[in-house]
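To start, the structure under review is shown below, and the notes come after it.
The values are calculated or read from the model by the stated rules, or taken from the named source; none is laboratory data. Because the structure is predicted, anything quoted here is derived from the model rather than measured. Methodologically, a virtual Cβ is constructed for each residue, glycine included, from the backbone with ideal geometry; neighbour enumeration extends over all protein chains shown. In case anyone asks, the SASA skips ligands and DNA or RNA and just uses the protein heavy atoms, side chains included. Shrake-Rupley method; radii C 1.70, N 1.55, O 1.52, S 1.80 Å.
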Amino acid sequence: MEFLQPDNLREAFEMRASHPGAAPICGGTDIMVELNFDHRRPEYVLDLTRVPELAEWSRENGGFRVGAGVSYTRIIEELGESLPGLAMASRTVGSPQIRNRGTVGGNLGTASPAGDGLPPLYASDAEVEVASLEGTRRIPVAEFITGPKRNALGDGELITAFHIPEADGPQQYSKIGTRNAMVIAVCAFGLALHPEKGKVGACIGSAAPTPVRTKEAEEFIEGVISESDLWQTRREISGSALRRFGDMVEMSAKPISDVRGTAAYRTRAVGVLARRTLSWAWDEYRGGSR
Ligand SMILES: Cc1cc2nc3c(=O)[nH]c(=O)nc-3n(C[C@H](O)[C@H](O)[C@H](O)COP(=O)(O)OP(=O)(O)OC[C@H]3O[C@@H](n4cnc5c(N)ncnc54)[C@H](O)[C@@H]3O)c2cc1C
């Protein structure tokens, strides 16, 4: 196995183009596991850790462009105020060592339905930026992830960044695992309130082949909130509406049973997470922050 080490993005694209089977490596926290267990033996590994362009983030119109190589630790420390949902999800990833190395770019590359970085991207309608020698394109995250461990990355392309709006309301992320750290999610739920737009964005993690937006539940709760003028009055959402929201989220889940949990448990649990995260986010909204 040969190790390719580009020093900048241009070189990375050139090496990617001249070595089509080369496996990109960023934090290495997924791919090294695969190599160690001999699940994969690429002829070339393309080390992206020396590419400075991938490790940068910047502000752009009302949001952020975050390089694919920005670690979870940096997202928490540098972007936690502006992207609270993604920061909450990042805090649940692995351990400090994994968060120091692991990246959202790698989470997108792996495209696991249990990837904790993904539901916050879905809930905020983020876009994935991919590029090659041919040029750059932006893909809505829900179209980028095409199936379990599958994504829309084309030949010669690398994930260069993701684009995400700054939080315009409270956000939440909650994950169920067998313990508090170093667990793959049994199921998870990300939620973002957008008071100015009268919108609620939400996404289930680890309870379907890909993360899943919960459109019907979102429309239901948006209707409840606007009909009762709750965005303006900031009164409580009724318990029955919260429960109905949870029930509708359960209907969007399409989980399997595996060693981490049964399909029935996952379905019920995402409903509970949905109800709880909405009530936490709504309490924060009522408290007047953001
Ligand atoms: C002990 C342990 C605990 C973990 N806990 C969690 C957890 O709680 N939650 C969670 O979501 N994940 C967890 N993971 C998995 C992993 O840390 C994450 O998926 C992380 O986001 C991967 O990022 P990375 O930069 O390390 O990816 P890498 O391992 O470098 O790459 C992952 C995949 O993406 C591809 N890739 C990477 N960068 C690019 C790029 N720029 N362009 C194109 N393809 C690219 C690689 O080729 C590879 O296929 C854990 C892993 C370990 C070992």
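For the stretch 61-72, the candidate set comprises residues that are in contact (Cβ under 8 Å) with a residue 24 or more places away in the chain and open to solvent by 30 Å² or more (accessible area, probe 1.4 Å); within that set, the residue that is farthest from the ligand (Cβ to nearest atom) is Gly62. Answer with yes or no whether Thr262 is open to solvent by less than 30 Å² (accessible area, probe 1.4 Å) and either assigned by TED's automatic domain parsing to the domain that holds Gly201 or within 22 Å of the chain's Cα centre (by Cα) (or both). Criteria not met by Thr262. Contact map, the stretch 3-29: first residue closer than 17 Å to Ala161 by Cα, second residue exposed (fewer than 14 other Cβ atoms within 10 Å of the Cβ), Cβ cut-off under 6 Å, separation 6 or more or different chains; pairs are Phe13/Leu133. Among the residues of the stretch 183-223, those identified as of a type in the set (A, V, I, L, M), more than 14 Å from the ligand (Cβ to nearest atom) and surrounded by fewer than 24 Cβ atoms within 10 Å (Cβ to Cβ) are Ala208, Val212.
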